[in-house]
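Worksheet: one structure, shown below.
All of the numbers you see were taken from the coordinates with simple rules; none came from a lab. Worth saying up front: this structure is predicted, and the values here are computed from it rather than measured. A quick note on method: Cβ atoms are made from the backbone with ideal geometry, for glycine too, and the neighbour counts reach across all protein chains shown.
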Amino acid sequence: MQPHGNIEKKVLKIIIPNQEDREKLEGVIQDLKDQVNQEITKRKLPASIELVGSTAKDTYIKNNLDIDLFLLFPPSFSKQDIAKNSLSIGEILLINTEESYAEHPYLRGYFKEFKVEIVPCYRIENASQKLSAVDRTPLHTEYIGKHLHESQKSEVRLFKQFLTGIGCYGAEAEIEGFSGYLCEILVLKFGSFKNLIRDASHWKPGKKFTLSEGEPPFFDTPITFIDPVDSERNVASAVSIEKFNLFTHACQQYLEKPRLTFFFPNEVQPWPLNKIKTEIQKQDSPYIGVTFSKPEIIDENLYPQIRKAIHSICTACERYGFNIHDASFYIDELEKQIIIVIKTEKGPISKTYIHMGPPVKLKKNVEEFINKWEGNPKVVKKPYEDKSRMFIEIEREYVEIKDFLKDRVGNLSMGKHLGKIVSGNYDIIGLEDLLSENLRGFWTTYLDEKMSWER
């Protein structure tokens, strides 16, 4: 087993940009700035440009970076005008563009092989003046520039790569993990990657941090870190409980047995379908799928809606009497399909169920209960008293989960875009259809009990 220090030195050799990398990046950034400035001048816009994010702070990882260019407008400019002009400039200068949204629409794309975001915001002096959340970002860049020591930039890079390796890097909806800025202020808090990992190995949900004095405000999140430039904001609000637990577990494991695969895990090698089928048969639990078309929306809108759909489906099933052990999803980009995979119990469930009524002492409620069910063809056993309460036995409409899902999924709450699609068209598929070639990677990751660093 290699000592932590040796592994970390190897990682830094891979992820720290060399002089040639830096010169190439700086040249591209300067070229991009010049061209954006030309567009600003041509339009006679009262805007200035500012490089923000990891490239501005020199905390980026070689071969894995975005160039974040912000266009700063005076507060007198309307949101519509700053959005329109920023999108227009991006469309002229970038290729393979995608429109995203962060209170203002903005454009992502490529400029000379580099991923670029051109984002509009308002020019402010402090967070209390913000008109939108993105207005704080230049203040973050300024804060890190003033407080992060040169030697700590390597510590930030190590931490980012560690999080990337274990699948916890990124605050976007797909990941629900740690943002780059959160990584930077965590290193500021603990001083080094090692100190941070040691401390994090003991964290429990509800952990709170601040870089200033006083008790931080309450946020109902697994981890709270108050933004040093905005005392009302929790920088760690995106971190889900699943990613928080994965991170703390990885820290414990890394301290016990360090290895390079925490930073650079081996790729998942999809199992053959017959092995997947054998592993599923060992579980003795059936799987069922709900599949529907993928809407053409950005990931920040898509992933929350998929999670909402899963929650709605599982809640409806449980309320009806079907036990759900687990549910996950796969996005098939080739077929433009979303597949929700549900692990349930062997059916069918009982043909009848007992429905609880009011306490016997509530005479009026008991009378209403009896009148409600009188003459109902689904009643198998008329209202009866048991332990001072009324009950009734009713025939179920569905005993197989497949039939229940086939009829009910279209009426469930699934979010703005998914709801429109699912209400009109979805399919319920069994294990035979779920065991397809394009789902081998999904099943391998789902069934394999190894952590990413153990592969």
State the extension gain, in nm to one decimal, for the chain segment bounded by LYS112 and ILE297, taking 0.36 nm per residue of separation less the distance between their alpha-carbons. 64.0 nm
For segment 226-323, rounded, prolate or oblate, judged on the Cα gyration tensor with a ≥ b ≥ c (square roots of eigenvalues), a/c < 1.5 rounded, else prolate if a/b > b/c? oblate
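Based on DSSP, what percent of beta bridges with both residues in segment 14-145 are antiparallel, to the nearest 5?
70
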Between segment 315-382 and segment 14-87, how far is it from one alpha carbon centroid to the other, in angstrom? 54
So who's got an amide H within less than 5 Å of the one on GLN337, skipping anything under 5 residues away but keeping other chains? H placed 1.01 Å off N, in plane. LYS294, ASP332
Suppose a student asked you for the relative contact order of the chain, using Cα pairs under 8 Å spaced at least 6 residues apart; what percent would you report? 13
Which of the aspartates and glutamates could a cross-linker bridge to LYS13, judged by Cα under 18 Å and excluding same-chain residues fewer than eight apart? ASP21, GLU23, ASP58, GLU150, GLU155
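Expected output is a single nm value to one decimal: the length gained when fully extending between ASN245 and ASP433, i.e. 0.36 nm times separation in residues minus the C-alpha distance. What is it?
Length difference between fully extended and current span is 64.4 nm.
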Ranked THR261, THR278, criterion: other C-beta atoms within 10 Å, fewest first: THR278, THR261
Would you please give the residues with an amide H less than 5 Å from that of GLY170, counting only those at least 5 places away or on a separate chain, with H modeled from the backbone geometry? GLY177, PHE178, SER179
What percent do you get for the relative contact order of segment 152-262 when only Cα pairs under 8 Å and 6+ apart count? 28
At 1.567 mPa s and 4 °C, Stokes diffusion of segment 14-145 via Kirkwood alpha-carbon radius, µm² per second: 86
Counting pairwise Cα distances across the chain, what percent come out greater than 33 angstrom? 51
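Can you pull a Stokes-Einstein diffusion coefficient for segment 49-119 at 4 °C (1.567 mPa s), Rh from Kirkwood over Cα pairs, as a whole number of µm²/s?
The calculation lands on 103 µm²/s.
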I need the phi-derived Karplus couplings for segment 18-34: 6.51 cos²θ - 1.76 cosθ + 1.60, θ = phi - 60°, integer Hz, Gly and Pro marked x. 8, 4, 4, 4, 5, 5, 5, 5, 4, x, 5, 4, 5, 4, 5, 4, 4
ASP199 and VAL399 label points (each 7 Å along its Cα→Cβ direction) are spaced in nm at 5.9
Once both label points are put 7 Å beyond Cα along the C-beta direction, the LYS62-SER285 separation in nm becomes 4.4
Between the Cα axis of helix 79-93 and the main Cα principal axis of the chain, the angle (0 to 90°, nearest 10) is 70
Other-chain or far-sequence residues with amide H under 5 Å of ILE67's (modelled H): LYS115, VAL116, GLU117
For VAL229, VAL366, VAL380, what ranking results if the residue with the fewest other Cβ atoms within 10 Å of its Cβ goes first? VAL380, VAL366, VAL229
Across 10 Å bins beginning at 0, the whole-percent shares of Cα-Cα pair distances in segment 233-387 come to 7, 20, 26, 22, 14, 8, 3, 0
Determine ³J(HN,Hα), in whole Hz, for all residues of segment 115-120 in sequence, where each value follows from phi through the Karplus function 6.51 cos²θ - 1.76 cosθ + 1.60 and θ = phi - 60°; x replaces Gly and Pro. 6, 9, 10, 10, 10, x
Using the structure shown, select from LYS84/LYS189; LYS33/LYS153; LYS160/LYS282; LYS42/LYS336; LYS243/LYS282; LYS62/LYS336 the pairs with a Cα to Cα distance greater than 30 angstrom. LYS84/LYS189; LYS160/LYS282; LYS42/LYS336; LYS62/LYS336
In nanometres, what is the gap between the two model label sites at GLN252 and GLU267, each 7 Å from Cα along Cα-to-Cβ? 3.2
Once each part is reduced to its C-alpha centroid, what is the distance from segment 233-264 to segment 410-448 in angstrom? 29
Residues ILE340, ILE166, ILE394, sorted so that the one with the fewest Cβ neighbours within 10 Å comes first: ILE394, ILE340, ILE166
